[in-house]
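Enquirer: Mind having a look at this structure? Questions to follow.
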Amino acid sequence: PMILPCIAIILCMGVSILVNFSYDLKLNIVLLGYFAFYLFICFTHNQNKTAEKLKSEMHFYSWVFIIYTTIAIISSFVVMFAGFSSIRHVNADNFEVVTGFKFGRLWGIFLGPNGGAIVSLVSIAMMFGFILKNKKFLFRFLLSVNIILHMLYITFSDSRTALVCIMAVPVLTALIYAMGSDKQKKLRFVKPVLVSILATVLCVTFVYSSKHLYNYVITRINASSQGSADGEQDPTNLDAIDRGYNLEDDYSNRRFDLWKSGFEVFKDSFKNMTIGTTYYGMRLYSYEHLPDTYLVNNSQTDFANFHNEFINVLVAQGVLGFAAVIWLMAAIIIFVIKNIKNLDSSSLPEFTTAVAIILLSVLASMFIPGVFYLFSPSSIIFWMFLGYAVMLLKKGTNQEA
């Protein structure tokens, strides 16, 4: 299913690259390879696979991802409590790589605190799926402890993107779960929605309370250290979770200005509106034609993208590429609505887990890149589990589960 819009996306991207060949041709061709990998290897599946084979694959890659994320989070806290932090500039555009606890937030070994927090949420969604499937107390206890560890990383990352996801995704996932559950129960939506609301409240409360508790303890420790330090030794100050700047004047943290800049670039020429500038051409085009646009003219840095995946697609691929992406999204949504009633109940936990991962990734992509224009473990997982969700529904429709 959905093979035609996938082909349309690749064709539109290819045309954009050909027309904008003067803008970082090599990197755009590499990016086209990433798109082909996502759409034709991660997303699409052999239709001869059984539902049990699909679920077995999901379980395997979920465990790989959970283990990977857990190691990354533990390593991040080790780096933080060892007192190590650094800023390095790499590549031709001096991309800033932050390590450790910096600017009042935990990067750890992730490229960014927001990205690390979303990876943690995806891993949590996978662990919740396993908890639903396995009734053993020890298994559930160990996964629950790991979930708390992941929530601690989200706390120290101070990611508002993750908080938005926490407040929206559980309820949406519960509604999808209820749609595929026992069709005979008129009140089947009540319990999942109430449980999801409770989970949301607990998660948000955990993040805020643990953040304030840590900052309170750190403040007391720093005060004690300063009071006891002699003249020959400087007191050791531990960093609090604090961004260090006021968001009241710009709660979007520059995103609204970036989004406005995106529409400025999009509307600047007929070519931009139809086939776009290419992803790696957005900034180069701005240098050449719109030097005053916010993307490349602001008080912080020259941004690599517009921190919104839909605006990135609109500017990079134009209306044609954007329409191809909307075609794919609409085809998937229509397919889900038509076929979720036929989903086999044994596949419901895996399908619900996949839906949670998809919703987390899509919602996060409204604020950070991560679905199309980023080659990362979370991007690969998104496209894989989107394909698994579609195929589980297809198998349910064909009564092959």
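Rule-based calculations on the coordinates, nothing more; no lab input. Owing to the predicted nature of the structure, the values given are computational and were not obtained by experimental measurement. Positions of Cβ are backbone-derived with ideal geometry, glycine not excepted, and every protein chain shown enters the neighbour counts.
Enquirer: Which listed residue (Phe65, Asn46, Tyr34) has the Cα farthest towards the positive end of the charge dipole for the range 19-96, taking +1 on Lys and Arg C-beta and -1 on Asp and Glu C-beta about the Cα centre?
Expert: It is Asn46, whose Cα lies furthest towards the positive end.
Enquirer: Please list, or write none, the lysines whose alpha carbon is within less than 22 Å of the alpha carbon of Lys55, excluding same-chain residues fewer than 8 places away.
Expert: Straight-distance partners of Lys55: Lys133, Lys135, Lys136, Lys338, Lys341, Lys394, Lys395.
Enquirer: If you take the C-alpha gyration tensor of the range 297-361, multiply each eigenvalue by 5 and take the square root, what semi-axes do you get, largest first, in whole Å?
Expert: They are 34, 17, 6 Å, listed largest first.
Enquirer: Still on this structure, please answer the following. Charges only on Cβ, +1 for Lys and Arg, -1 for Asp and Glu: so what's the dipole of the chain about the Cα centre, in debye to the nearest 20?
Expert: The calculated dipole for the chain is roughly 1980 debye.
Enquirer: Moving to a separate point now. Restricting the calculation to Cα positions, tell me the Rg (one decimal) and the Dmax (whole number) of the range 1-129 in Å.
Expert: Using the Cα atoms of the range 1-129, the pair Rg, Dmax is 19.4, 52 Å.
Enquirer: Would you give the gap between the C-alpha center of the range 23-60 and the C-alpha center of the range 269-297, rounded to a whole Å?
Expert: Between the Cα centres of the range 23-60 and the range 269-297 lies a distance of 29 Å.
Enquirer: Another one. If the reach is capped at under 27 angstrom between alpha carbons, list the lysines near Lys26, excluding any in the same chain fewer than eight residues apart.
Expert: Lys267, Lys271
Enquirer: Separation between the Phe206 and Ser346 pseudo-spin-labels, each 7 Å from Cα along Cα→Cβ, expressed in nm?
Expert: Result: 3.2 nm between the two label points.
Enquirer: What is the packing order of peptides 316-322, 46-52, taking the mean over residues of other C-beta atoms within 10 Å and listing the highest first?
Expert: Numbers: 316-322: 23.1, 46-52: 12.4.
Per-residue mean Cβ counts within 10 Å order the peptides as 316-322, 46-52.
Enquirer: Compute for the chain: radius of gyration divided by Kirkwood radius, i.e. Rg/Rh, restricted to C-alpha atoms, rounded to two decimals. Let's see the in-between values first.
Expert: On the way: Rg = 22.8 Å, Rh = 22.9 Å.
Ratio of gyration radius to Kirkwood radius: 1.00.
Enquirer: Another question about this same structure. Once the piece of chain linking Val30 and Met366 is laid out straight, how much longer is it, given 0.36 nm per residue of separation minus the C-alpha distance between them? Let's see the in-between values first.
Expert: On the way: separation 336, 0.36 × 336 = 120.96 nm, distance 2.37 nm.
Extra length from Val30 to Met366 when fully extended: 118.6 nm.
Enquirer: Follow-up question, since we're still on this one. Under a cut-off of 29 Å between alpha-carbon atoms, report the lysines in cross-link reach of Lys211, not counting same-chain residues fewer than 8 places apart.
Expert: Result set, ordered by chain and number: Lys102.
Enquirer: Let me ask something else. Mean shadow of the range 1-66, computed from the convex hull of its alpha carbons, in nm²?
Expert: Spelled out: convex hull of the Cα atoms, projected over all directions, averaged, 5.8 nm².
Enquirer: Moving on to the next point. Given the DSSP H assignment, sum -39500 (n - 2.57) over each helix run of at least 4 residues in the chain and divide by its residue total; what's the result at 222 nm in deg cm²/dmol, nearest 500?
Expert: -22000 deg cm²/dmol
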